[in-house]
Each structure stands twice: as structure tokens, then as C-alpha cells.
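Shown next, in C-alpha cells, is the structure this report addresses.
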Amino acid sequence: MSSGKMNELFTRVSVRDYMPGKVEKDKVDRILDAAMNAPSARNQQAWEFIVVDDPDYLRELSKVTPYAGPVGRAPLAIVVLGNRDLMSAPQFWEQDLGACTENLMLSATSLGLGSVWIGIAPVRERMNAVSDVFDLTENLMPFCIVAVGYPKERPEPHRDRFKPERIHHNGY
Ligand SMILES: Cc1cc2nc3c(=O)[nH]c(=O)nc-3n(C[C@H](O)[C@H](O)[C@H](O)COP(=O)(O)O)c2cc1C
């Protein structure tokens, strides 16, 4: 089942292998514009982004978790951070940044790019590993890394994930 609109919701898939080409700056800006348009608790918008295209940093980031390999193959990674100093509703920061990351990835899909979310928060060792790469101050909390690039293979959309049995009306 598909709404027929907002096609990216249904065509987005995790892409872990990329063509060598760079991602154009204009596209990076559009992706980050979408990311910053996400909802957030008390409209706190406490996100910040490190745009990484330096191969040495990409290599470093690919080692911050055992599952970050795609970052080492990507021409671009976006590190999504929460800035504690900007938070007025700190207990919701991860939800805010989750919405922001999904916006970012859907925007990438709409621009013909592939991406994959590399989970960092709330795993303390992974957060520390990212902080160490960039020597981040305490107030900056690494949330995730999104590897981005033109897909090596044309990604096939997932088959229908709609499960009517998961929907409950007026009670469980
Ligand atoms: C919170 C979170 C953490 C994830 N961490 C990783 C990761 O570390 N490495 C990876 O290759 N994929 C990671 N993924 C991608 C998931 O594996 C992927 O979204 C899932 O298998 C569903 O596939 P799809 O994205 O193609 O729909 C993560 C996704 C989320 C939402």
C-alpha cells in the first residue's frame, strides 16, 4: 500500500555502496535544509551537523562502531549532533534528532542520493568515539552518522511493509 504521494517514503532504502562521485554542495544544502525543518520539542531545534568529505575523517568515522563500514565507502557523511546548550526540553533531544535524520534521508532520496543511518546515541562508547574524532566539547552529543552518496546499484524499493494486524482501534 502506498499513499501515491510523498514517494520518497516508499522508495527510500538503506544504501551502503556508492559511486565515487562527490555530492554537490547545492544538494548538501538542500538536504540540511530539510533536516532543519523537522519538528522538535518546544521547537528547540538543538541540532548541528558536521559535513565530512575528507577521506581521512571518513576513514576514522568508519571505525567508530563495528557497523559503520558504509562511511568508509561513501564520498560524504553527515554527523548529526545535539547541542545541549540549545536545548529547552533536553529529555526529548533524541526524538527531535530522529525526526531530523529521517527528513535528511528522505531529502537525499528525493535528490537521487543513497544514504544509510549509522546509529550512535545512546551508546556511550560510540558517542565518545565520534567526539574523539573531532575533539568535540561536552555540550555536543553525537546522535548518528548518515553516509551519503550516489548509489552503486539502483536501489529496489522494499516490498510492502504494511501490516494491518499492527493497527488497533480504540484500544489494544
Ligand atoms: C537507529 C538506527 C541505527 C542504525 N544503525 C545502522 C548501522 O550502524 N549500520 C548500518 O549499516 N545500518 C544501520 N541502520 C540501518 C538499518 O539497518 C535499516 O534502516 C534497516 O535494516 C531497514 O532497512 P531500510 O533502511 O532499507 O528500510 C540503522 C537504522 C536506524 C534507524
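Readers should treat all values here as calculations from the given coordinates under stated rules, not as data from a laboratory. Since the model is a prediction, treat every value here as computed from it, not as a measurement. Reconstructed Cβ throughout: ideal geometry from the backbone, glycine too, with neighbour counts over all protein chains shown.
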Violations at 27 Å Cα threshold for listed pairs LYS25/LYS163; LYS27/LYS163; LYS22/LYS63; LYS63/LYS152 -> LYS25/LYS163; LYS27/LYS163
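Taking R0 as 30 Å, what's the FRET efficiency between ARG159 and LYS63 from their Cβ-Cβ distance, rounded to 0.05? Walk me through the numbers on the way to the answer.
On the way: r = 33 Å, r/R0 = 1.11.
Given R0 = 30 Å and the Cβ-Cβ separation, E is 0.35.
Working out 0.36 nm times the residue gap between ASN139 and ASP54, then minus their Cα-Cα distance, what length gain in nm do you get to one decimal?
Working: separation 85, 0.36 × 85 = 30.60 nm, distance 2.41 nm.
That works out to 28.2 nm of additional length.
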note: the chain, Cα-Cα separations exceeding 29 Å make up a percent value of 22
Over the chain, the sum of -39500 (n - 2.57) across DSSP H runs of at least four, divided by residue number and rounded to 500 deg cm²/dmol, gives at 222 nm -9500 deg cm²/dmol
In segment 62-170, the trypsin sites (Lys or Arg not before Pro) that sit in a DSSP loop and have at most 12 other Cβ atoms within 10 Å of their own Cβ are ARG159, ARG161
Percent relative contact order for segment 39-97, counting Cα pairs under 8 Å at least six residues apart, stands at 49
Whole-Å distance linking the alpha carbon centroid of segment 4-25 with that of segment 109-172 is 13
Comparing MET19, MET36, MET105 in a Gaussian network model of the chain (Cα, 10 Å), the one with the largest mean-square fluctuation is MET19
Between ARG84 and TYR172, Cβ-based FRET efficiency (R0 41 Å, step 0.05) works out to 0.70
Filtering GluC sites (Glu not before Pro) in segment 66-172 by DSSP loop and by at most 14 other Cβ atoms within 10 Å leaves GLU138, GLU153
Relative contact order of segment 104-170 (C-alpha contacts under 8 Å, at least 6 apart) in percent is 36
Counting only DSSP beta bridges with both partners in segment 13-152, the antiparallel fraction in percent, to the nearest 5, comes to 95
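Once you keep just the Cα pairs under 8 angstrom separated by 6 or more residues, what percentage relative contact order results for the chain?
Details: 303 pairs, mean separation 58.1, N = 172.
Here the relative contact order equals 34 percent.
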